[in-house]
Amino acid sequence: MRLACRHTAALLVMVMVFAVLGCERRPLLDPNFTTELQVVIDAEGMRNVTCDIYNPKIQPQPTNPEMLRVLFYEPGENRIAGESYISSVSTDSQGRHVVSGRVGIMPGNYEMVVYNFDTPSTIIRNDYSHHTIEAYTSSVSEALASRFNTRANEPLDIRHQPDLVWVATDAAKSIPWHDELYTIRTTATPVTETFYLQVKVEGLEWVSSAQAILTGMAGSNMLGSRQRVDVPETAIYFSLQKSDDKGSAVLCSVFNTFGHIDHSNNELWVSFNINTVDGRVENRDFNISKLFESPECKEHNWLLLDEVITIDKPSTPPTAGGGFKPETEDWKEEHFDMEL
């Protein structure tokens, strides 16, 4: 009996030894299946951003995103197969901005969408599949919308302008079986368009702040197919800056859209909301349907209005401060007793 117990104990010890020797710690993803994604940010030829700059006094938008979201989908399925965020920034031999990083995905066939994650004004919805993921912006508040006149037959959907949205997509990305690091190289280009708009102003010194809306704009973009969504038609809200054009005072802006609707059912209008230094509010509306057919717009995305807005001199002295030139008073020292 004792001999049998000894043999049993010895057998258990041997099993435990072999079990320990046979163990191998592995990460959740086998290192043999590690994949690296390198995304080149192609900013060449972006009107009013990297080329076709009408007004060099306007600060250009940054074109180098620092974080990208990577989505892999099962082909034809409404299911995310893998999701990663990459943020390693470098520059390639051609001086282009590159964002890279390791992604956790098994070998197989996928639908892939990559887009920049640093977009505070742009919202992503329906990201569960390649054909439904959509980028859009929210509507402005009712109080903000009420400042503008609308010319459409139906209530106008006024939305914030989008950020620059960079997208790389592949509807048939194949990741083979591999023993060493496998690298995917792709290029991201914007799905947004950038315009420059200006209007001449007499009495610009009496303007404290100004905003505008522009009708006839697409409301969103389907990132998987890179197709803009034209229905419903929207208006884009943006702020204006003070500047000059060859000595003429202007209000102007560089703004982004998901695209201009070429064959809008409504006439295209720009509506200005201008606040003066003495508290007045001036509204001006212009039909710019023909302006979109001008060579300046077709070739450069420049919307250069011929009209002139006149702002009268205040009848009473304006108060200090304003939207364009904020001022603060010096600190004042006060002494007083407090009863406890």
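The values are calculated or read from the model by the stated rules, or taken from the named source; none is laboratory data. Bear in mind that the values here come from a model prediction, so they are computed numbers and not experimental data. Reconstructed Cβ throughout: ideal geometry from the backbone, glycine too, with neighbour counts over all protein chains shown. These area figures cover heavy atoms from the full protein model, side chains too; ligands, DNA and RNA do not enter into them. Shrake-Rupley method; radii C 1.70, N 1.55, O 1.52, S 1.80 Å.
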Ordering S315, S141 by accessible area with a probe of 1.4 Å, largest first, what comes out?
S315, S141
For I309, what accessible area in Å² do you get when you roll a 1.4 Å probe over the heavy atoms of the protein chains, rounding to the nearest 10?
0
Here, GluC sites (Glu not before Pro) of the stretch 96-194 satisfying both criteria (DSSP loop; at most 10 other Cβ within 10 Å) are E180
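Counting alpha carbon pairs within less than 8 Å and at least 6 residues apart, what relative contact order, in whole percent, applies to the stretch 151-289? Before the final figure, lay out each step's value.
On the way: 270 pairs, mean separation 40.2, N = 139.
RCO, the stretch 151-289: 29 percent.
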Accessible area, probe 1.4 Å, largest first, for residues K298, K242
K298, K242
Rounded accessible area of C51 (nearest 10 Å², 1.4 Å probe):
40
Exactly which chymotrypsin sites (Phe, Trp or Tyr not before Pro) in the stretch 137-207 are in a DSSP loop and have at most 10 other Cβ atoms within 10 Å?
W177
Per residue of the stretch 196-208, what does 6.51 cos²θ - 1.76 cosθ + 1.60 with θ = phi - 60° give for ³J(HN,Hα)? Whole Hz please, x for Gly and Pro, Karplus curve as stated.
10, 10, 8, 9, 6, 9, 9, x, 4, 5, 8, 8, 9
Out of residues 5 or more away from V165 or on other chains, whose amide H comes under 5 Å of its own, with H placed 1.01 Å from N in the peptide plane?
V191, T192
Residues of the stretch 157-291: accessible area per residue with a 1.4 Å probe, Å²:
40
For the stretch 101-193: rounded, prolate or oblate by the Cα gyration tensor [a/c cutoff 1.5]:
prolate
Return the Cα extents of the stretch 39-115 along principal axes one, two and three, sorted largest first, each rounded to a whole Å.
48, 26, 18
So what are the ³J(HN,Hα) numbers for the stretch 245-250, from phi and the Karplus equation (6.51, -1.76, 1.60; θ = phi - 60°), rounded to whole Hz, Gly and Pro as x?
10, 6, x, 8, 5, 9
DSSP-loop GluC sites (Glu not before Pro) across the stretch 203-294, with at most 13 other Cβ within 10 angstrom
E267
Under a 1.4 angstrom probe, counting protein chains only, how are M67, M222, M46 ranked by accessible area, largest first?
M67, M222, M46
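How high is the relative contact order of the stretch 105-193, in percent, with contacts defined as C-alpha pairs under 8 Å that are six or more residues apart? Could you put the intermediate results ahead of the total?
Values: 117 pairs, mean separation 36.8, N = 89.
Computed value for the stretch 105-193: 41 percent relative contact order.
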Starting from the Cα-Cα distance between S138 and S243, subtract it from 0.36 nm times their residue separation and give me the gain in nm to one decimal.
34.9 nm
To the nearest 10 square angstrom, how much accessible area does Y110 have with a 1.4 angstrom probe?
20
Pairs beyond 19 Å (Cα-Cα), from K242/K298; K57/K242; K200/K246; K57/K290:
K242/K298; K57/K290
Relative contact order [Cα under 8 Å, 6+ residues apart], the stretch 171-237, whole percent:
26
